[in-house]
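What follows is a single structure, written as structure tokens, with notes after it.
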Amino acid sequence: MIPAAFEYHRPDSVEDAVKIISDHGDEARVVAGGHSLIPMMKLRMTGLSHLVDLQGIGGLKGISVDGGTVTIGAMTTQHELIADDQLAASAPIIREAALQIADPQVRYMGTIGGNVANGDPGNDMPGLMQCLAATYTLVGPSGERTVSAREFYEAAYFTAREDDEILTSISFDASASGYAYEKQKRKIGDYATAAAGVLISKDGGSCSAASIALTNLADTPIYCEEAVAKLVGSSLSGDDISAAVAAAVGASDPSEDNRGPVEFKKHAAGVVVRTAIERAIERA
Amino acid sequence: MNEMTPPKSERAAALKGLGTSRKRVEDARFTQGKGNYVDDLKLPGMLFGDFVRSPYPHAYVKSINTDAAMAVPGVVAVLTAADLEPLGLHWMPTLAGDKQMVLADGKVLFQGQEVAFVVASDRYAAADAVELVEVEYEEQPVLVDPFKAEIEGAPVLREDIADNLEGAHGARRHPNHIFTWEAGEKEQTEAVIGDADVVAEEMIYYHRTHPCPLETCGAVASMDKVNGKLTLHGTFQAPHAVRTVASLISGIAEHNIRVISPDIGGGFGNKVGVYPGYVCAIVASIVTGKPVKWVEDRIENLTSTAFARDYWMQGKIAATKEGKITGLWCHTTADHGAFDACADPTKFPAGFMNICTGSYDIPTAYLCVDGIYTNKAPGGVAYRCSFRVTEAAYFIERMIEVLAIKLDMDAAELRRINFIKKDQFPYQSALGWEYDSGDYHTAWDQALNAVNYKQLREEQAQRLEDFKAGKTRTLMGIGLTHFTEIVGAGPVKNCDILGLGMFDSCEIRIHPTGSAIARLGTISQGQGHATTFAQILASEIGIPADDITLEEGDTDTAPYGLGTYGSRSTPVAGAATAMAGRKIRAKAQMIAAYLLEVHDDDVEWDVDRFVVKGAPERFKTMKEIAFASYNQAIPGVEPGLEAVSYYDPPNMTYPFGAYICVLDINVDTGTADIRTFYALDDCGTRINPMIIEGQVHGGLTEALAIAMGQEIAYDDMGNVKTGSLMDFFIPTSWETPNYITDFTTTPSPHHPIGAKGVGESPNVGGVPAFSNAVHDAFRSFGLTQTHMPHDHWRIWKTANGLGLHD
């Protein structure tokens, strides 16, 4: 559990950080909270010669709510997400989900940017960001661009981010929807066996808007378009919910691991999606 | 009475002796980060060792090239089997009479096996060089399933002994077979089963797991080439045994070896064995002339140092129609991995598995255990257990449940009608043990009443109705266990490890001012010996526990003993402590009588002093006696006040307990919510109730882990699937339920203070209680047996198989 030697960089601006990773190509990686990257380095599963620590860049931290748009700096920790009352008012699903990530010690270090940018299908924030229809801001040598969270994930650890880009912030619309993030896990600190984020808005007796995304049920997070279609415009009856659950389970593509075989994971997916939908409806 | 003398009760309380919930004296250090563990040790010039390990479970090692590794700056040496062979140290004896490769000698037999040992000036250089050692392997077919070990065409694992079919424990019938061990009456038992009203038969599997102590294994070896002395610091649960074994295999005279176990961060059996890391650190220190440290990481600990359990127990239990058990039959297939490195007394290759008749009066029984080699890590240690007692307890407590199902009886009642009765003790079991004492019916009734058993069964019946009516997706399970342990190994006449008798010892020195130091042959790994042994002594010699220092773990100072495992410290070393205290008191009596100018027989013991019989105002306190013993010339009495006792126990002790677990299972998620866990323990005389409660909480939490998720799993190719704490289940406070503890007290008749030991009871009894609760939840749907661990997906699969998702 001892990493190979590497050069440590601590730039004080995004520009400098981008320059370092551009200069060194795939020999360099940025590190935020380090809870994914450092273990990989210790296991010598990631060979890199330059580690670029983003802790020294002041502008990457913080949460702002401006005219209905929530913007979160990439270096904001999970603990800071939980502690922020303004965020809890604008997007309560973030606090509910963040409280289910790892444990307090990890949440003091782990950041939202690292969580979404790493592309680990086990991470909770990518699915949540798809649920919230968030956009990511990426900064590279040729400037800044934005990518939708729903377009960002290509395969496990493969994302739309180029090697010389840094994910600097995340933004999404504040929402008054009913919400729920439901996660089944083996123990505190574990990744999800199955997890789902759900947002539901009601207008009178029918569902006016909905969003459903899954965590750790495929090699990327899954935004469940078909399941959403079953709910929007419906009266949210038991049958409607069952149809949405079936569609979400149909969209999942889990693989067998120590958490269980595929059949079980699909069953668990159905349970977490149903539970999340029902809780979101109650809150809508 | 002397006006200045406080009353008896006040003086006794001031001693903080037996029965006091004295706070642990160790914790002031530990809670402030002032412990001193092996990895804290820094010696001048110290080098660091790290292993090259095999990625393959079975392969020939064709070549090893160390050139690139040696070129890494800071690397001092790279040892391979070829380097150890001239010293005769490329193999080492195991505790079970087998031998084990220290470094791969031509082949590897499990994933993670030690292949080469890199020694460098720092850990980083060593780890870099490990990557650069080039090993050429030729993969061989892998044997993972012990039931396929003897089939036609099975790969032969141990080619070194393939032709030697006479093993350490008798005849071997196949090169992959280690031993057959039998107890009891085969023909008689089979006859009873053949004629019985009712026979229940089931395969009970207790899966492979690992003790996983918080601190991993490690050592610092330091060979002083000037005076020829080897000092070995290490995570040793038996430091004296390590010294003797090290002397025997290295040829270094025993007086030139000093073994020190510093603070140990949990052992649970994992630190009983001798590991290649220890041997390599010693050899590297001899070669380099510098101290060499080796400390394994978590993955190495889980995948290469000693595992526990892995017993496939085929059982048959016979009974009358009324439920009186008439016979028990068990055949166990024991998966021992690549080398037989079980830590058991020599004459017991399957440990005390023959305690598997449990708490029940079973007239006829037969047990047969076959040990098998597979391509898995060696071990088979007693994980918070006394030599396979956990396996035995799990077996009988599952078989009782299986029989209850067959008889359509309540499992609590079935137990009650078969318990050994109080007046049957000392009880001779069909498999050869003499149970010292017990009162099972009293404990059982106390437990059932405490949880309101009858009402629980009514609630369960209601829940079942609701479930069938579609009102709930949860089922309720009630897990019962009444276990009997066998601990305190053990009488030297039948208990030894590598020929070393399993007595233990205590040496006491009283200082002139009336305080004391006591040293023992055991070593605490968290049990709190410094607290509890001082309490035993305080009650025996009338010196406050706070004035007694306890020392263990340094073979140059402590008396010889066999260490701490198998709940043996209190039954054996605790007895030695009491006996040594009594020797002190006997001499103190002579001194007191002399000082009081009366005959020895005219003084009597009174808590912390000797008083003249009939004249209580005339006395000498232990403090006064201690001073006089050194400083006053007493005719016929040597100066000083010291004693040593080597205690060879006349019998084992038999703690027991009644545990009840109540849980709710969600059949869709496979999650189990433990609502109540009640644990009644009878460990005989209770030395420190607070420490007992802590032991029970800790052991139950380990039991929870084992029953509900913890395992060392291998895939079909022999790869370890659970080699890190991401997958190897260690519960956090969130997963851990509240426990209700209770007790009865049935002292051991042969132990000087009546104590029996408690550390392992909660693990032994906890696992069947949790597991029986899971089984019980599904009983009315026809489940008789499903294997642990009961993690979410396996519970789900059980529910699925019973049609509960249709």
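The values are calculated or read from the model by the stated rules, or taken from the named source; none is laboratory data. This structure is a prediction, so every number in the text was calculated from the model and none was measured. Cβ sites come from the backbone with ideal geometry, for glycine too, and all protein chains shown count toward neighbours. Ligands, DNA and RNA are excluded from the accessible area calculation, which covers all protein heavy atoms including side chains. Shrake-Rupley method; radii C 1.70, N 1.55, O 1.52, S 1.80 Å.
So which residues of region A:255-280 lose at least 20 Å² of accessible area, probe 1.4 Å, when you go from the chain by itself to every protein chain present? Checking the loss per residue gives A:N258, A:P261, A:E263, A:F264, A:H267, A:V271. Put simply, the C-alpha atoms of region B:670-806 give a gyration tensor, and the ellipsoid matching it has half-axes of 32, 19, 14 Å, longest first. Against the empirical 2.2 N^0.38 Å (N residues), region B:461-580 has a Cα radius of gyration ratio of 1.67. Under a no-solvent Debye model with one identical scatterer per Cα of region A:32-90, what's log10 I(q)/I(0) at q = 0.20, 0.24, 0.25, 0.31 Å⁻¹? Per q value, in the given order, log10 I(q)/I(0) is -0.81, -0.97, -1.02, -1.26.
When a/c is below 1.5 the answer is rounded, else prolate if a/b is larger than b/c, else oblate, so apply that to region A:7-56 with a ≥ b ≥ c taken from the square roots of the Cα gyration tensor eigenvalues. Oblate is the answer for region A:7-56, as a/c is 1.5 or above yet b/c matches or exceeds a/b.
At a probe radius of 1.4 angstrom, the accessible area of the protein assembly as shown per residue rounds to 36 square angstrom. Binning all Cα-Cα separations of chain A at 5 Å, short to long from zero, yields these whole-percent fractions: 1, 6, 12, 17, 18, 17, 12, 8, 5, 2, 1, 0, 0. A Cα-only calculation for the protein assembly as shown places Rg and Dmax at 32.1, 106 Å.
Tell me the carbon and sulfur percent of the accessible area for chain B, rounded to whole percent, probe radius 1.4 Å. Write out the running numbers ahead of the final one.
Working: 14610 of 28140 Å².
Carbon and sulfur atoms account for 52 percent of the accessible area of chain B.
Shielding of peptide B:718-728 by partners, expressed as the average count of other chain Cβ atoms within 10 Å per residue Cβ, is 2.
Using a 1.4 Å probe and counting only protein heavy atoms, how much accessible surface gets buried when B and A come together, both sides summed, in Å² to the nearest 100?
Separately minus together, B and A give about 2100 Å² buried.
Using the Cβ-Cβ distance between B:M717 and A:V106 with R0 set to 51 Å, the FRET efficiency works out to roughly 0.95.
Our note on the geometry: Cα centres of region B:469-499 and region B:1-33, 34 Å apart. Each principal axis of the Cα cloud of region B:173-330 was evaluated for its coordinate range; sorted largest first, these ranges are 75, 31, 30 Å. Applied to region B:385-400, the Karplus parametrisation 6.51 cos²θ - 1.76 cosθ + 1.60 on θ = phi - 60° returns per-residue 3J(HN,Hα) values of 7, 9, 6, 6, 5, 4, 4, 4, 5, 5, 4, 5, 6, 6, 5, 4 Hz, with x for Gly and Pro. Of the chymotrypsin sites (Phe, Trp or Tyr not before Pro) in region B:12-107, the ones in a loop by DSSP (not H, G, I, E or B) with at most 16 other beta carbons within 10 Å are B:Y37.
Ranked from largest, the principal axis spans of the Cα set of region B:340-446 equal 44, 31, 26 Å.
Can you tell me which lysines have their Cα less than 26 Å from the Cα of B:K324? Leave out same-chain residues fewer than eight positions away. Reachable lysines: B:K186, B:K316, B:K406, B:K421, B:K422, B:K454.
With Cα atoms defining each centre, region B:418-438 and region B:563-607 are spaced 31 Å apart in the structure.
Taking 25 °C and 0.890 mPa s as conditions, chain B diffuses translationally at an estimated 88 µm²/s according to Stokes-Einstein applied to its Kirkwood radius (Cα pairs). Taking every alpha-carbon pair within region A:58-173, the share separated by more than 25 Å comes to 15 percent. A DSSP coil position with no more than 16 other Cβ atoms inside 10 Å describes the following chymotrypsin sites (Phe, Trp or Tyr not before Pro) in region B:702-780: B:W734.
Shielding by partners for peptide B:274-284, expressed as the average number of C-beta atoms from other protein chains within 10 Å of each residue's C-beta, is 0. For chain A, carbon and sulfur atoms together expose 48% of the accessible surface, with a 1.4 angstrom probe and every protein chain in place.
The charge dipole of the protein assembly as shown, taken about the Cα centre with unit charges on the Cβ atoms of Lys, Arg (+1) and Asp, Glu (-1), comes to about 2040 debye, rounded to the nearest 20.
Using the Cβ atoms and a cut-off under 13 Å, what net charge is assigned to the surroundings of B:E642, where Lys and Arg are +1 and Asp and Glu are -1? Result for the neighbourhood of B:E642: +3. Its relative contact order, with pairs defined as Cα atoms under 8 Å and 6+ residues apart, puts chain A at 16 percent. When the helices of chain A are scored as -39500 (n - 2.57) per DSSP H run of n ≥ 4 and the total is divided over every residue, the value at 222 nm lands at -10000 deg cm²/dmol. A compact globular protein would have a Cα radius of gyration near 2.2 N^0.38 Å; the ratio found for region A:178-283 is 1.02.
Built from the Cα atoms of region B:506-644, the convex hull projects on average onto 8.4 nm², one quarter of its surface area.
The distance between label points at A:T146 and B:A633 comes to 10.2 nm (points 7 Å beyond Cα on the Cα→Cβ vector). Shielding of peptide B:791-800 by partners, expressed as the average count of other chain Cβ atoms within 10 Å per residue Cβ, is 5.
Size descriptors for region A:131-225 (Cα atoms only): Rg and Dmax, in that order, 15.7, 50 Å. Diffusion of region A:218-274 by Stokes-Einstein, at 20 °C in a medium of 1.002 mPa s and with Rh set to the Kirkwood radius over alpha-carbon pairs, works out to 182 µm²/s. About its Cα centre, chain B has a charge dipole of approximately 1320 debye under the convention of +1 per Lys or Arg Cβ and -1 per Asp or Glu Cβ, with nothing else charged.
Of the residues in region A:1-30, those shielded by at least 40 Å² of accessible area once partner protein chains are present, compared with the chain alone at a 1.4 Å probe, are A:M1, A:I2. Under a model in which nothing but the beta-carbon of Lys, Arg (+1) and Asp, Glu (-1) is charged, region A:7-56 shows a dipole of about 300 debye around its Cα centre.
Do the alpha carbons of any pairs in B:K99/B:K347; B:K34/B:K721; B:K34/B:K376; A:K42/B:K225; B:K493/B:K623; B:K229/B:K293 sit beyond 28 Å of each other, and which pairs?
Pairs exceeding the cut-off: B:K34/B:K721; B:K34/B:K376; A:K42/B:K225; B:K493/B:K623.
Radius of gyration (Cα atoms) of region B:575-691, expressed as a multiple of 2.2 N^0.38 Å: 1.85. A quarter of the convex hull surface defined by the alpha-carbon atoms of region B:76-166 gives 8.0 nm² as the mean projection.
Exposed loop sites are taken as trypsin sites (Lys or Arg not before Pro) in a DSSP loop (any state but H, G, I, E or B) with at most 16 other beta carbon atoms within 10 Å; the longest stretch of chain B without one runs B:43-172.
Secondary-structure-derived ellipticity at 222 nm for chain B, considering helices only, amounts to -8500 deg cm²/dmol, per-run term -39500 (n - 2.57) for DSSP H runs with n ≥ 4. Note on the protein assembly as shown: dipole from Cβ charges, positive end direction compared against B:Q32, B:Y560, B:Y594; the farthest Cα belongs to B:Y594.
Working from Cα pairs under 8 Å separated by at least six residues, relative contact order for region A:58-173 is 28 percent.
The mean sequence distance of close C-alpha pairs (under 8 Å, at least 6 residues apart), as a share of the length of chain B, puts its relative contact order at 16 percent.
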